[in-house]
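Structure first, then comments.
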Amino acid sequence: MTAILGAGISGLAAGHYLLRKTPNHLPLTIYEATDRIGGWIRSERFLDHGFVFEAGPRTIRPKGPAASNTLQLIEELGLAEEVYSISSNHTAARNRMIYAKGKLNLLPNSLGGLFKTVPPFTTPLYFAAFRDLLAGRSKTVLNDESMYSFVERRFGKEIADYAVSSMLCGICAGNAKEISVKFLMKDLFEREQRHGGVILGLLKEALQNRRKPQPQSVVKNSTSTPTGLAERAKAENWSIYSIRGGLQTLPETLADNLRSKGVTIVSGTKFEELTLGRDHVVLRVDGKEQQLQNLVSSIPSYKLAKHVQNQHPQLASALSSIPFVDVCVINLQYRKPDLLKQDGFGFLVPPIENLPILGVIFDSCCFDMEDNTVLTVMMGGAWFEKWFGTNPSEEHLLEVALENVNKILHIEQRPDNYKVNLLRKCIPQYTVGHQDRVKAIRDYIEQHGLPIVLCGASYDGVGVNDVILSARTNVDKMER
């Protein structure tokens, strides 16, 4: 018997891949502590009024091997016709902004924009490439460093302060001065260490690839082979996509599919005790002990750490070393369609601006929400306690959000509908050394022969594509 801890998208995907690879894994049970499935994917639907509030992720990127894997899953679930895509020519794809130096600044969206001086930058962006070419190799061989340090060293302080720091506010609500470049931009980091520069490394590798004889046939890994939907995404030049009715449709459909195949999903359950032997697992749930052959854990690393502390303190310490941050997501709906003076995906706020918000997403510019303006304000992250303390009220959080919407977007009226979502310890922070920490965790499990597999955002990436591929990859390893 196999069990899965957590019914977020990664845990559900793990169940899907277990059954697809080895149908005899039944009986299979997925345990979820809360009263709902989907994890941080949470859509609140107001379909009679033409809009949806998303408390977590709302869009998925269609490019790359992990993205192809997600699109394949969507096809297998029969959701291909429910996909709502945005092409690269759409306003929401082309217009992305940062709020800096007291105003909204539209980022370059074409090659020509790199040769102009675009605020908040004081020189054309192509200067950053020259800086990288002239900077030379790092003085010492580095195993890892922060995103901020790497980008400042190679491309300059403005790129680090405004471009990269803003980007990380959007990706993981994190501080670029703490986040690992080796984890998030491994290829660029390794090119610099190997070749003495990022641009130089790209040029050298391109030249080497041109000189290599092309093999007549290539066997592709199944996780990166484009599916029909991935081919369609490429042909139609998708930038991002979602699913009609909100992104929660994906975990809901996945859960229904698993139940139809005999999988039991138990929500609102209390996971009390875990004992890991070399060939078995004893799991106590709601006072009842179960003997398992295998266990898949998709729950956050800090939660798993509590249950292995007594038996495996070294493993617990490593699991606990992955930090998490709190984020407040505030959804706003106005019964007026034209409140925004500049359409686009939204804007991010770099930490150098010293404001309590991370950014604002223009939901109604991305997707059809009828005659509504719908916004999502993101706040906190690595700076949550600095701005809001430990226990802020919903009223205070809402007022901070509205104050900044008024200040930056000049929307003075109160929203007709709103939702304050305070998401505690929702996003792991891939701080410097993250890759080594995760390797140490998995090495410990392998060396001690523990029949447990770890997947999810704690280890392999925070995006929807990342956690689904994490489930597939690690379930495959368990099978082998």
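Numbers at a glance
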item	result
Candidate set: region 366-380, residues that are at pLDDT 95 or above and either farther than 28 Å from Asp48 by Cα or not β-branched (Val, Ile, Thr) (or both); chosen: the one most open to solvent (accessible area, probe 1.4 Å)	Met378
Flag for Arg45 being open to solvent by less than 30 Å² (accessible area, probe 1.4 Å), charged (D, E, K, R) and in contact (Cβ under 8 Å) with a residue 24 or more places away in the chain	no
Any hit, region 94-111, residues being assigned to a helix (DSSP H, G or I) and open to solvent by less than 60 Å² (accessible area, probe 1.4 Å)	no
Selection from region 168-212 of residues that are open to solvent by 70 Å² or more (accessible area, probe 1.4 Å) and more than 22 Å from Ala382 (Cβ to Cβ)	Asp187, Arg194, Leu202, Leu203, Lys204, Leu207, Gln208, Asn209, Arg210, Arg211, Lys212
Members of region 439-466 found to be open to solvent by 10 Å² or more (accessible area, probe 1.4 Å), aliphatic (A, V, I, L, M) and in a helix (DSSP H, G or I), listed by number	Ala440, Ile445, Ala457, Val464
Cβ pairs under 9 Å, 6+ apart, first in region 258-279 and aromatic (Phe, Trp, Tyr), second outside any strand (DSSP E or B) and surrounded by 13 or more Cβ atoms within 10 Å (Cβ to Cβ)	Phe271/Ala33; Phe271/Ile299; Phe271/Lys303; Phe271/His307
Any hit, region 10-32, residues being in a loop (DSSP other than H, G, I, E, B), within 18 Å of Gly245 (Cβ to Cβ) and either of a type in the set (Asp, Glu) or open to solvent by 20 Å² or more (accessible area, probe 1.4 Å) (or both)	no
Val405 open to solvent by less than 10 Å² (accessible area, probe 1.4 Å) and either modelled with pLDDT under 95 or in a helix (DSSP H, G or I) (or both)	yes
Enumeration of residues in region 387-398 that are free of Cβ contacts under 8 Å to residues at least 60 places away in the same chain, out of contact with any Pro (no Cβ under 7 Å at 6 or more places or on another chain) and outside any loop (DSSP other than H, G, I, E, B)	Glu394, Glu395, His396
Of residues in region 355-386 being assigned to a helix (DSSP H, G or I) and either of a type in the set (A, V, I, L, M) or out of contact with any Leu (no Cβ under 9 Å at 6 or more places or on another chain) (or both), the one nearest to Ser43 (Cα to Cα)	Cys366
Any chance Asp144 is surrounded by fewer than 20 Cβ atoms within 10 Å (Cβ to Cβ), touching a residue at least 40 places away in the same chain (Cβ under 8 Å) and of a type outside the set (Gly, Ala, Ser)	yes
Test: Gln413 is outside any strand (DSSP E or B) and in contact with a Lys or Arg (Cβ under 7 Å, 6 or more places away or on another chain)	no
Residue list for region 160-184, filter: in a helix (DSSP H, G or I), more than 20 Å from Met97 (Cβ to Cβ) and among the aliphatic types (A, V, I, L, M)	Val181, Leu184
Matching residues in region 130-159 - criterion: being assigned to a loop (DSSP other than H, G, I, E, B) and of a type in the set (A, V, I, L, M)	Val141, Leu142
Single match in Val118, Val52 (criterion: part of a loop (DSSP other than H, G, I, E, B), farther than 30 Å from Arg284 by Cα and among the aliphatic types (A, V, I, L, M))	Val118
Lone unmet requirement of (1) open to solvent by 50 Å² or more (accessible area, probe 1.4 Å); (2) modelled with pLDDT of 95 or more; (3) among the small types (Gly, Ala, Ser) for Ser242	(1)
Residue match in region 270-284 (condition: within 30 Å of the chain's Cα centre (by Cα), more than 17 Å from Pro451 (Cα to Cα), modelled with pLDDT of 90 or more and open to solvent by less than 40 Å² (accessible area, probe 1.4 Å))	no
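Conditions (1) of a type in the set (Ser, Thr, Tyr); (2) under 24 Å from the mean Cα position of the chain (by Cα); (3) open to solvent by 30 Å² or more (accessible area, probe 1.4 Å), marked per residue:
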{"residue": "Cys328", "(1), (2), (3)": "no, yes, no"}
{"residue": "Lys341", "(1), (2), (3)": "no, no, yes"}
{"residue": "Pro356", "(1), (2), (3)": "no, yes, no"}
{"residue": "Ala382", "(1), (2), (3)": "no, yes, yes"}
{"residue": "Lys386", "(1), (2), (3)": "no, yes, yes"}
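The values are calculated or read from the model by the stated rules, or taken from the named source; none is laboratory data. Keep in mind it's a predicted model, so treat the numbers as computed, not measured. Reconstructed Cβ throughout: ideal geometry from the backbone, glycine too, with neighbour counts over all protein chains shown. SASA here: full protein model, heavy atoms, side chains in, ligands and nucleic acids out. Shrake-Rupley method; radii C 1.70, N 1.55, O 1.52, S 1.80 Å.
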